Each structure stands twice: as structure tokens, then as C-alpha cells.
Protein chains: 2
Amino acid sequence: MITVVLVETEGEENIGAVARAMMNMDVDCLALVNPRCDHLSKNALNYAVHASEILEQAKVFTSLREALEDADLSAAITRRTGQWRKRDFIIEDFSNFLAGYKDRNVSLVFGREKYGLTNEEIRSADLICSIPSSDKFPSINLSQAVMITLYDIYRTNLHKPSHTGKLTASREQYAIMLESIMSAFDEMDFFRTVPSWRLKNYINKILIRAGLDGNDCLIIKNLFTRVRGKFQSLLRQGR
Amino acid sequence: MITVVLVETEGEENIGAVARAMMNMDVDCLALVNPRCDHLSKNALNYAVHASEILEQAKVFTSLREALEDADLSAAITRRTGQWRKRDFIIEDFSNFLAGYKDRNVSLVFGREKYGLTNEEIRSADLICSIPSSDKFPSINLSQAVMITLYDIYRTNLHKPSHTGKLTASREQYAIMLESIMSAFDEMDFFRTVPSWRLKNYINKILIRAGLDGNDCLIIKNLFTRVRGKFQSLLRQGR
């Protein structure tokens, strides 16, 4: 299931147009983080045309982390990249990647009309995706960016065979594994030199892109639990 | 070169948003057929953001045929199909097809917000393309439809090698060939049973999709010129 997450949207027209685009592309769930306008205003409903139900059933959150709590996978759709916000996918490769997330909760995060997403918000998403656009004027209107993203996923799904194939791990399976990795590094006193969030972010990206299933997560978790145990026992011997 | 052709657009916001989408996707030429609003209004310019030049340089026409005069290839983007308006492509296959039209004039025709394009307007375009969308609410906002179309072409171009390969015939080469075909059928007194526009429309679609180059056009033209000559001499003998 795909959820569109809009962060601090200002324009009622934009929220309405997003709802219409969602319904055009068979996506129902809308999450609003601190909306800066009334998403149930007449203006918003006008732009939504037949998609008013999506607006009425939208969930409102006070923080992005809260909005992403149930997501098995989250992606920030943004064109701004930088040292700590490197792009993982362009949107059409992301659409293909999503084949492993059928029946999982996938959240797509879109930023403010004027300045997009903050670095911290970007970090709370698993992946960064961008929409290719002209160097002359790369900034795409919010509802257009949502439409391109959902269209590309819709288009890609049309080609997909109906069987699901390998199913990516659930958020819980994945989180347990990541925790065991981080705790192994912690045991090694790794985080005096590298901030833990930075390493976690990096490892998370690599493993998310690897499309691990539940079994992979279990194997990796057990591996790092063993690493940690080994290190602990060495430490004890050293004392 | 791609031209976006808008037929009798009502919304200034839509025309402005189309201009922005065009600039986002590196398309400059806008043609307006009988616009129902002021495309240089403050509202339109606001929605265009940095793409005001596209609006200022837009060409205005009083008929679609006139707007398509210089086009080597024209496609109506529409979701309504019917007996005489059968779809030739979905948009992503059309994007691939366009590889043969590099350095040619390609016009993409979009209809009115409320009821799209008339049958006659559809017939004046070479091809019909549609954007896949949900059965529940298939009607996509005009500027969103333009954006999806241009995005899909932009995305596809990114994968294309820089050499052009086979170049599709020019409008003139193609028209001469089509004329020779029609004139052969005319000689055969074919049009007492089938209206000529219907056959022409059908043959045009097939040959356009075949992606003929200049040489192909010459060969086919000569073939039908011979057919016509043969038929003429038979008629003379019969008298």
C-alpha cells in the first residue's frame, strides 16, 4: 500500500490536485504533516474533483517521524542533493525496485512548495529519489511531482507479472536486524569516531537497496549477534 | 522539436502550469488553438513561475489543422476512444517510438478541460495516444496530462544513445507517398464504397507506426504510381 506524505504544504490547490492525481493512479492514503492550509476547504475540494474522499480520510500528523511509523519503506522525493543527501534512485528505477514491496507499506515523502525537505526530514526516510528534469528550471510543482511519481509506479506495475516473487522483509524484521548490527558496532566502541546516526543511515541505505527478505534479515541479525558476542567475550578476557 | 498544442483551454492556471511543466522537461514551443482565456494574464504568468517566456512566445491559431501544418508527426493525447478513435499507443510506447523523430517537428495535441477533443480534431492528428490511469477516476487534469507525457518522453530520451540512427521521413516525403497511394485507390474507383478520409486515416496510421524513412517513402510511392499506371492502361484497353 502506498501512502503519499506531504510535509507542511501551503497551497490548498496543491493538496486538492494531489488527491486527484492519487485517485487517477489508484493510490488512496494521504498523510499530512503540519499542513499550512485547510485541506478540507472548498478550494482544495474543487481541485480534488472526484477525489474528495481522499482528503476527508487524510491523516494529519505533527511530525514526519510519526507519519512514517507504520512504513516498511519510506522514500523522500527531492531534487536537492548534497553531501549527506545522496540520491539512491531516479524515480523509474525506484518504481522497479518497489516490485519487492507489494503488500508492504510504502511511504512517499514530498516537501514544502518553497524549500522542500530539511536534512533531518530527509534522514528520517530510508531512501532519496529524484525526478529527472531540466537544468534550466528543475523545480517541479508539488502536485506535478506527486503525479509523475505515482504515474511512474502505476506504469511499471502494468508490466509486472501478477505473482509477487520474493517479498521484502517487514519493517519489524528489518529493524531487529539493523539493531543487532548497530549494537555490534556499539560494543566495538565504534561511535567515538563516527556518529552512530551517520553509520546507521549508510548501512540502512545499502541494505534497503539490497531488497532483503525476512530470511536474509534473520541471517544477518544472527551474524551480528555472534560478532557482538565474540567481542564481548574478548573484552572480558582482556580485563 | 516538440510542440505542445492546447485546444480551447479555459483555465489560465492550466496554461501557466503547462508552461512550467514544459520548461521542467526542456520543451519550449507552445501552440494555442482558440484559447478561451488570457494566456498572458497575471494568473497564468504566476503559475508559469520562470516559464513566462514560453507563454509570451506561444503561437495562437484559429484551427487545429492550421496549428499542425508544420508537424512531421502529430499525436492526440486522449483517453476517450471509440470506433473511429482507436488508440495507437500508450504513452510510454509512444516515447520509444519518438526516437525515429529526432530533429523532426512533433506536435502533441491536448483537448479541452471538460470534453477533450472532438472526433474531427482527433482525425487531424496522425496518432492517438493515451495515458494509463485508474478506472475509478481516469480523467487527468490538463496540465498533469501534459506533464506525464513530457516526463515520459524526457525519461526515455535519457536512455537513448546520442547517435540518431534511422531518421523518419519528413512530412513532405511522407505526404507525396500517401498521395500516390490514395490516387491509386481513386483510380480503382475505390471510394464509391469506402469514404476516402476513412481509408486515408487508416493507411496513414499504419504507415506512421511503421516509422518509414525517406527511402521507404520513395519506394512505396513508386510502387503505387506503378499500380495506378497499370490500372489506367487496363482501363484504356477496356474501352
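Values quoted throughout were computed directly from the atomic coordinates according to the rules given, and no laboratory measurement underlies them. No experiment lies behind these values; they were computed from the predicted model shown. Methodologically, a virtual Cβ is constructed for each residue, glycine included, from the backbone with ideal geometry; neighbour enumeration extends over all protein chains shown.
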Original post:
Copy-to-copy spacing for B:LEU235, label 7 Å out on the Cα-to-C-beta vector, in nm, shortest first?
Top reply: 9.9
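For B:ILE90 and B:ARG36, calculate 0.36 nm times their separation in residues minus their Cα-Cα distance, and state this gained length in nm to one decimal. Show your work: numbers first, answer last.
Details: separation 54, 0.36 × 54 = 19.44 nm, distance 2.85 nm.
Extending this stretch completely gives an extra 16.6 nm.
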Subject >> Radius of gyration and Dmax over the Cα atoms of region B:60-132, both given in Å >> reply: 12.0, 33
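Based on Cβ point charges of +1 for Lys and Arg and -1 for Asp and Glu, what charge dipole magnitude is obtained for region B:94-221 about its Cα centre, in debye rounded to the nearest 20?
360
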**OP:** Find the percent of Cα-Cα distances in region A:118-161 that exceed 16 Å, and round it to a whole number.
**Re:** 56
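Which percent of the Cα-Cα distances in region B:1-73 go past 16 Å? Before the final figure, lay out each step's value.
Values: 1075 of 2628 pairs.
Counting pairs separated by more than 16 Å, the tail of P(r) holds 41 percent.
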**OP:** Between the alpha-carbon centers of region A:1-78 and region A:164-234, tell me the distance in whole angstrom.
**Re:** 32
**OP:** Would you kindly work out, in nm and rounded to one decimal, the distances from the label point of B:ASN215 to those of the same position in each other copy, ordered shortest first, with label points 7 Å along Cα-to-Cβ?
**Re:** 5.4
**OP:** Any chance you could run the full-extension gain for B:MET1 through B:GLU120? It's 0.36 nm times the residue separation minus the Cα-Cα distance, nm to one decimal.
**Re:** 40.4 nm
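Tell me the volume per residue, in Å³, of the convex hull enclosing the alpha carbons of region B:171-238.
Taking only Cα atoms, region B:171-238 has a hull volume of 72 Å³ per residue.
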Original post:
Assuming a viscosity of 1.567 mPa s and a temperature of 4 °C, what translational diffusion coefficient in µm² per second does Stokes-Einstein assign to the protein assembly as shown, Rh being the Kirkwood radius over Cα pairs?
Top reply: 51
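Hey, what does the equivalent ellipsoid look like for chain A, semi-axes from the Cα gyration tensor as sqrt of 5 times each eigenvalue, largest first, whole Å? Please report the intermediate quantities before stating the final value.
Working: eigenvalues 263, 77, 52 Å².
Those come to 36, 20, 16 Å.
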**OP:** For A:ASP28, go 7 angstrom from Cα along the Cα-to-Cβ vector, then report the distances to that same point in the other copies in nm, smallest first.
**Re:** 4.7
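Could you work out the mean projected area of the convex hull around the alpha carbons of region B:124-239, in square nanometres to one decimal?
Working: hull surface 42.6 nm².
Hull-based average projected area comes out at 10.6 nm².
First measure r as the distance between the Cβ atoms of A:ASP213 and A:GLU56, then evaluate 1/(1 + (r/R0)^6) with R0 = 35 Å and state the FRET efficiency to the nearest 0.05.
Details: r = 36 Å, r/R0 = 1.04.
Given R0 = 35 Å and the Cβ-Cβ separation, E is 0.45.
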